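Asks: Below is one structure. I have some questions about it.
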């Protein structure tokens, strides 16, 4: 049975389940008694919650709690009247997909897929650079999103984006065997790795803000710097590093999207193409998932404010 979402709660509904703490503080009511005032959230949205037991300490913002509560309406808005609350424990095995957007694949399996692909890069210099950058990223990759709001803005979204692009790159190489496999695979793996420097994200995959590094440099420039550092650290060829740096600089395609260079060799062009394709198809899938069959989506900012048409399944032949 699927857990009740906050967006479904009505007055007097009973709720028992896990939620994310957005804010929590102890306040004093008009009669001088303390109470907890909280904002709790799941993947459907957030809700104000009150607990009238002033002895309970506020849970930490960003933590996951188990709550027993009742729906209550106040000034035309739904609230939760909390009876019991406790911190989530490891044994609870919380389904994170009910709380926040999560990548569809298992993070550990996706990371293993990326690491195996890096280890199999036949060009030694590119392999050294890529493996060094993966080591630098470490376990952050398991939960890090690919964006704050745009494509793959989900827990483990960066891995989701990378593994999907890896599959696309391998498929394209069967059609265009003239492509250099080592260079293309290396580009796919490292093209967005510096987003770990660009954004401040917690282990839930939620981005609080762009980092100082992200605001002053961004992941493209930081990615170029990180490749240079990795090449110097590992003794890898500077010529190979330069090729990889160009792929980072050009993977957004045009200056309006942040790339100071257009792709200038085939592997860079393919990286830009599959990066754009994966991002756009993700945006389309998300928007169409909220549209009714035979209807149109809301305007999608990342797709030039297009409204997308959801084709009814019966209109398509298998």
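Asks: Could the peptides 268-275, 254-261, 89-96, 188-195 be put in order, highest first, of the mean number of other beta-carbon atoms found within 10 Å of their residues?
Replies: Working: 268-275: 21.1, 254-261: 12.5, 89-96: 11.0, 188-195: 26.0.
Top to bottom by mean Cβ count within 10 Å: 188-195, 268-275, 254-261, 89-96.
Asks: Can you pull the semi-axes for the stretch 116-176, root of five times each eigenvalue of the Cα gyration tensor, sorted largest first, whole Å? Each step should come with its number before you reach the end.
Replies: Working: eigenvalues 101, 63, 12 Å².
Square roots of five times the eigenvalues give 22, 18, 8 Å.
Asks: For Cα pairs less than 8 Å apart in space and 6+ apart in sequence, what is the mean separation divided by the residue count of the stretch 233-277, i.e. the relative contact order in percent?
Replies: On the way: 41 pairs, mean separation 13.9, N = 45.
Normalised by residue count, the contact order of the stretch 233-277 is 31 percent.
Asks: Describe numerically, in nm with one decimal, the distance between label points set 7 Å from Cα along Cα→Cβ at residue 149 and at residue 14.
Replies: 4.0 nm
Asks: OK, next. After finding the eigenvalues of the alpha carbon gyration tensor for the stretch 101-286, what semi-axes result from the square roots of 5 times each, listed largest first in whole Å? If you can, show how the numbers build up before the last one.
Replies: Numbers: eigenvalues 101, 67, 58 Å².
Semi-axes (√(5λ), whole Å): 22, 18, 17.
Asks: Grab the Cα-Cα distance for residue 239 and residue 46, subtract it from 0.36 nm times how many residues apart they are, and report the gain in nm with one decimal.
Replies: Once the chain is fully extended between residue 239 and residue 46, it gains 64.4 nm.
Asks: How many Å³ per residue does the convex hull of the Cα positions in the stretch 205-318 occupy? Please list the in-between numbers first.
Replies: On the way: hull volume 20.1 nm³, N = 114.
Per-residue hull volume (Cα only) is 176 Å³.
Asks: Next question, about the same structure. Using only the alpha-carbon atoms, how far is helix 157-175 inclined from the longest principal axis of the chain? Give it as 0 to 90 degrees, nearest 10.
Replies: Helix 157-175 sits at roughly 30 degrees to that axis.
Asks: OK, next. Report, in whole Å, the centroid distance computed from the Cα atoms of the stretch 158-187 and the stretch 49-120.
Replies: First find each Cα centre; the distance between them is then 35 Å.
Asks: With axes computed from alpha carbons, what is the tilt in degrees of helix 266-289 against the longest principal axis of the chain, rounded to the nearest 10 within 0 to 90?
Replies: Taking Cα atoms only, the helix is inclined about 20 degrees.
Asks: Using only alpha carbons, build the gyration tensor for the stretch 57-105 and give me the equivalent ellipsoid semi-axes, biggest first, whole Å. Write out the running numbers ahead of the final one.
Replies: Values: eigenvalues 114, 51, 20 Å².
Each semi-axis is √(5λ); the values are 24, 16, 10 Å.
Asks: Enter the angle in degrees (range 0 to 90, nearest 10) between the Cα long axis of helix 238-250 and the first principal axis of the Cα atoms of the chain, meaning the one along which they spread out most.
Replies: The answer is roughly 50 degrees.
Asks: Give the shape of the chain as rounded, prolate or oblate, defined through the alpha-carbon gyration tensor: a ≥ b ≥ c are the square roots of its eigenvalues, a/c under 1.5 means rounded, and otherwise the shape is prolate if a/b is larger than b/c and oblate if not.
Replies: On the way: a/c = 2.49, a/b = 1.77, b/c = 1.41.
Here the chain falls in the prolate category.
Asks: Relative contact order of the chain, please, whole-number percent, based on alpha carbon pairs below 8 angstrom and at least 6 residues apart. The partial results should precede the final answer.
Replies: Numbers: 579 pairs, mean separation 35.5, N = 318.
Rounded, it is 11 percent for the chain.
Asks: Let me have the 222 nm mean residue ellipticity of the chain computed from DSSP H runs of 4+ only, each contributing -39500 (n - 2.57), with the sum over all residues rounded to the nearest 500. Spell out each step's value before the answer.
Replies: Working: 9 runs with 119 residues, N = 318.
Taken over the chain, the calculation gives -12000 deg cm²/dmol.
Asks: Label the stretch 6-96 by shape, choosing from rounded, prolate and oblate, from the square roots a ≥ b ≥ c of the eigenvalues of the Cα gyration tensor; if a/c is under 1.5 it is rounded, and otherwise prolate applies when a/b is larger than b/c, oblate when it is not. Don't skip to the end; give the middle numbers.
Replies: Details: a/c = 1.84, a/b = 1.19, b/c = 1.55.
Oblate shape, in that a/c is at least 1.5 and b/c is the bigger or equal ratio.
Asks: Further question on the same structure: Taking a spot 7 Å from the Cα of residue 115 along the direction of its beta carbon, which residues of the stretch 150-164 have an amide N less than 19 Å from it?
Replies: So the set is 156-164.
No value in this document is a laboratory result; all are computed from the given coordinates. Predicted model only: the values in this text are computed from it and were never measured. A quick note on method: Cβ atoms are made from the backbone with ideal geometry, for glycine too, and the neighbour counts reach across all protein chains shown.
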